[in-house]
Amino acid sequence: MNLHEYQGKEILNSFGVAIQRGIVAQTPEEAVEAAKKLTEETGTGWHVIKAQVHAGGRGKGGGVKLAKNLQEVKDIAGDIIGMNLVTPQTSKEGKKVHQVLVAEDVYYPGDNEPEEYYMSVLLNRATGKNMIMYSTEGGMDIETVAEETPHLIFNEEIDPAHGLQPFQARRVAFNLGLSGKAFKEMTKFVSALYKAYTESDSSLFEINPVLKTSDDKIIAVDAKVTLDDNALFRHKDYAAMRDKREENPVEVEAKEAGLSYVDLDGNVGCMVNGAGLAMATMDLIKQAGGEPANFLDVGGTADAERVETAFNLILKDPSVKAILVNIFGGIVRCDRVAQGIVDAYKNMGNIDVPIIVRLQGTNADKAKELIDNSGLAVQSAVEFKEAADKVQAVLS
Ligand code: GDP
Ligand code: MN
């Protein structure tokens, strides 16, 4: 689950990571109130207004702007709230902005040498260790840094059994070229950041930029946080941070129905039981010259109701030109699944895309009979290859 910047910063703050302070606002009026409050707390009159959407590169898309007075806070917040923000990480249509973070300006006016670093904590699956990835080249695309100047990216691997060792935090500060107070501040920052990452059960904490001010404070100016969904049951307060408006509506609906569904770009809808078979089915569709429109695992109980919900989800995607149902009847009997498909088809009544059904396993022949005799425009297949050929035939 992804979080907004302001939510990520709340978590960071709760673990003692120094952050750029801010208050979230839904309207220009709230933004002005937020700015006043921040001025009282921090003394700064300048604020930065930041669009809160689940996408990076907001600055480039015009979603991060500096306001020098309250009128500018109001005007800029008014411009940003409600806009469709297009960034290098969104689709062409962009993402609608519902709220902004009004933050203190931490780049002091007249400070000519603020240093921006990049830092992230994530799991290195190849080594099974946590990793702090960091660079002196902050504030820009880390992908570009990795391509053009890979020697400027450092990694510190941390054995999760032992945790971050003090010498490792010092090595990070050293490699970033720090000394004196800034060095000390950075070791504190790194330790607190690592603690936030592990104790929140996150799979990614990315802070870009980490700022060093001219008076040697180290501050998280941005926060991109991905929480591990499988650990959310341990963190009810983080689970409540979910913003469904940022997620694909069909995926949200599927999740609520207990189906795992991922929207893709292709034209063949798939309904499969089991993640492995679903992956194999997507390969098969590609081999047949199609492109999968989705990943959909209906799970172990493919009864009529579930099948109908699944069909409904698939058909919400206007680019679907055919549906391939590929179900292995192990625990669930194929004839029951077939009956479910026939019932769902009849109930829905408006399915106008060809459906190819492959049922294999217990009672597969009975299932085939049921489908062939249903009088519906559903084609059955027994072999995987046969199903692929039929998909190809209906697509061409
Ligand atoms: P992103 O573009 O989505 O990664 O959003 P960031 O939060 O990283 O902000 C983009 C850029 O805005 C940063 O790299 C900074 O250069 C700039 N920025 C962020 N906060 C401030 C601030 O308080 N003052 C000033 N002057 N610039 C800021
Ligand atoms: Mn950033």
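The values are calculated or read from the model by the stated rules, or taken from the named source; none is laboratory data. Not measured: the values here are computed from a predicted model. As a convention, Cβ positions derive from the backbone with ideal geometry for all residues, glycine included, and neighbour counts pool all protein chains shown. These accessible areas exclude ligands, DNA and RNA; they are computed on the full protein's heavy atoms, side chains included. Shrake-Rupley method; radii C 1.70, N 1.55, O 1.52, S 1.80 Å.
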Quiz prompt | Estimated D of the chain in µm² per second, where Rh is the Kirkwood radius over Cα pairs and Stokes-Einstein applies at 37 °C, 0.692 mPa s | solution = 137
Exercise. Using a 10 Å cut-off on Cβ atoms, rank the peptides 267-277, 245-255, 160-170 from the highest mean neighbour count down.
Key: 267-277, 245-255, 160-170
Practice problem: Beta carbons within 10 angstrom, averaged per residue: use that to sort the peptides 360-373, 138-151, highest first. | Solution: 360-373, 138-151
Quiz item: Counting other Cβ atoms within 10 Å of each Cβ, which trypsin sites (Lys or Arg not before Pro) in the stretch 50-100 have at most 15 and sit in a DSSP loop?
Solution: K60, K68, K92
Quiz item: Among bridges DSSP assigns within the stretch 248-395, what percent are antiparallel (round to 5)?
Solution: 20
Exercise. Provide the gained length on full extension for the span K255 to K286, in nm with one decimal, where the gain is 0.36 nm per separating residue minus the Cα-Cα distance.
Key: 8.6 nm
Quiz item: Rounded if a/c is under 1.5, else prolate if a/b is larger than b/c, else oblate: which is the stretch 1-89, with a ≥ b ≥ c the root eigenvalues of its Cα gyration tensor?
Solution: oblate
Exercise. Would you work out which of Q339, Q287, Y107 lies farthest towards the positive end of the dipole of the chain, given +1 charges on the beta-carbon of Lys and Arg and -1 on that of Asp and Glu, about the Cα centre?
Key: Q339
Quiz item: What figure in square angstrom, to the nearest 10, would you give for the accessible area of K37 with a 1.4 Å probe?
Solution: 110
Exercise. Leaving ligands, DNA and RNA out of it, rank R234, R333 by accessible area with a 1.4 Å probe, largest first.
Key: R234, R333
Quiz item: Around A67, which amide H atoms from residues at least 5 apart in sequence, or from another chain, sit under 5 Å from its own amide H, with H modelled in the peptide plane?
Solution: H47, V48, I49
Quiz item: For I19, which sequence-distant residues (separation of 5 or more, or a different chain) have an amide H within less than 5 Å of its own amide H, given hydrogens modelled in the peptide plane?
Solution: A220
Quiz item: How far is helix 5-14 tilted off the main Cα axis of the chain, in degrees rounded to 10, range 0 to 90?
Solution: 60
Quiz item: Between the helical axis of 166-175 and the dominant principal axis of the chain, each derived from Cα atoms, what acute angle in degrees is found, rounded to the nearest 10?
Solution: 80
Quiz item: What is the distance, in nm, between label points placed 7 Å from the Cα along the Cα-to-Cβ direction at T42 and at A161?
Solution: 4.3
Exercise. Could you size up the charge dipole of the chain around its Cα centre, putting +1 on the beta carbon of Lys and Arg and -1 on that of Asp and Glu, and report it in debye to the nearest 20?
Key: 380
Practice problem: Would you check the accessible area of E156, probe 1.4 Å, heavy atoms only, in square angstrom rounded to 10? | Solution: 10
Exercise. Sort S214, S191, S396 by accessible area with a 1.4 Å probe, largest first.
Key: S396, S214, S191
Quiz item: Can you list the aspartates and glutamates whose alpha carbon is less than 17 Å from that of K390, not counting same-chain residues fewer than 8 positions off?
Solution: D283, E291, D352, D372
Quiz item: Of the heavy-atom accessible surface of the stretch 248-395 (probe 1.4 angstrom), what whole percent is carbon and sulfur?
Solution: 51
Quiz item: Excluding ligands, DNA and RNA, what is the solvent-accessible area per residue of the chain at a probe of 1.4 Å, expressed in Å²?
Solution: 47
Quiz item: Can you list residues whose amide H is under 5 Å from A381's amide H, if they're 5+ apart or on another chain and H is modeled 1.01 Å from N?
Solution: V357, R358, L359
Quiz item: In the chain, what percentage of the DSSP-assigned beta bridges are antiparallel, given to the nearest 5?
Solution: 70
Quiz prompt | Between helix 180-199 and the chain: long-axis angle, C-alpha atoms, 0 to 90°, nearest 10 | solution = 20
Quiz item: In what order, largest first, do D105, D79, D159 sit by accessible area if the probe radius is 1.4 Å?
Solution: D79, D159, D105
Self-check item: Distance violations [Cα-Cα > 32 Å] among K37/K129; K60/K217; K36/K92; K50/K321; K37/K60
Solution: K37/K129; K36/K92; K50/K321
